[in-house]
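The values are calculated or read from the model by the stated rules, or taken from the named source; none is laboratory data. Computed from a prediction, not measured in an experiment: that's the story for all the values here. Don't worry about glycine lacking a Cβ; one is built from the backbone with ideal geometry, like all the others, and counts go over all protein chains shown. Please note that ligands, DNA and RNA were not included when accessible areas were found on the heavy atoms of the full protein model with its side chains. Shrake-Rupley method; radii C 1.70, N 1.55, O 1.52, S 1.80 Å.
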Amino acid sequence: MTENKDQVAGLLLAAGGGRRLGGRPKALLSHRGRPLVEHAVGVLRAGGCTRVHVVLGAQADVVRQRASLPGCVLVDNPEWEEGMGSSLRAGLDSLAGTGAPAALVSLVDQPGIGREAVARVLAAYESPLSLVAAAYDGERGHPVLFGAGHWAGIAATATGDRGARAYLKAHEDAITLVECGDVAQAYDIDTEGDLIHLE
């Protein structure tokens, strides 16, 4: 069943408004001279996702203007202020009907997670029933891969900032953990102090 691996879609959640960063949208933070959202899309592509959907929220129009995202499907989430759950729902909804057998989900504010971690998680895909997550010293983190067979259940439980946490907790036994601590760092860019991680 692994012949569909090249059809797995990358799903980048990039809607956050950066409340603890003085209201600067995370997608527009500068990293290596370009908006962070461009870097994150590049990581998904380099890791093996040919199709990438990007969920935008805070200052979506400005992100569209400033970021070069050719070939991406840009998804507006008008409810982005409700938290990551709404962005996950919007992203999965945008993938419905595309034929993608799974979505590999990453977060725009984790630049320490590169192509190697994406490639490892993608390599563990087996079928539309796959549930795969990167692990850091055994702790589940991002990116995560959701087979299409799980999308409805995830969307039904994705609320607030918890994203798919409740669904994953309920299906813990089905998750394949892929250790990525040797190739990636799973920090978030949440506060002013975290900006030191950007280059």
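Just a few scattered comments:
- Of the listed requirements (1) out of contact with any Cys (no Cβ under 9 Å at 6 or more places or on another chain); (2) surrounded by 19 or more Cβ atoms within 10 Å (Cβ to Cβ), LEU12 misses just one: (1).
- Of everything in the stretch 132-176 that is in a loop (DSSP other than H, G, I, E, B) and out of contact with any Gly (no Cβ under 7 Å at 6 or more places or on another chain), the residue that is nearest to ALA186 (Cα to Cα) is GLY138.
- Every test in (1) out of contact with any Lys or Arg (no Cβ under 9 Å at 6 or more places or on another chain); (2) farther than 22 Å from ALA155 by Cβ is passed by VAL37 save one, and that test is (1).
- Some residue of the stretch 133-149 being surrounded by fewer than 20 Cβ atoms within 10 Å (Cβ to Cβ), touching a helix residue (DSSP H, G or I) at 6+ places or on another chain (Cβ under 8 Å) and over 29 Å from PRO35 (Cβ atoms): no
- Candidates are the residues of the stretch 15-29 that are assigned to a helix (DSSP H, G or I) and without any contact (Cβ under 8 Å) to a residue 40 or more places away in the chain; the one that is surrounded by the most Cβ atoms within 10 Å (Cβ to Cβ) is LEU28.
- Test: residue in the stretch 116-131 that is within 30 Å of GLY22 (Cβ to Cβ), open to solvent by less than 40 Å² (accessible area, probe 1.4 Å) and at pLDDT below 95: no
- The listed residue being of a type in the set (D, E, K, R), in contact (Cβ under 8 Å) with a residue 40 or more places away in the chain and outside any helix (DSSP H, G or I), out of GLU126, GLU116: GLU126
- Qualifying residue in the stretch 155-174 (condition: open to solvent by less than 40 Å² (accessible area, probe 1.4 Å), modelled with pLDDT of 95 or more, over 24 Å from LEU74 (Cβ atoms) and out of contact with any His (no Cβ under 9 Å at 6 or more places or on another chain)): no
- Total residues in the stretch 30-58, condition in contact (Cβ under 8 Å) with a residue 40 or more places away in the chain and either in a loop (DSSP other than H, G, I, E, B) or open to solvent by 50 Å² or more (accessible area, probe 1.4 Å) (or both): 9
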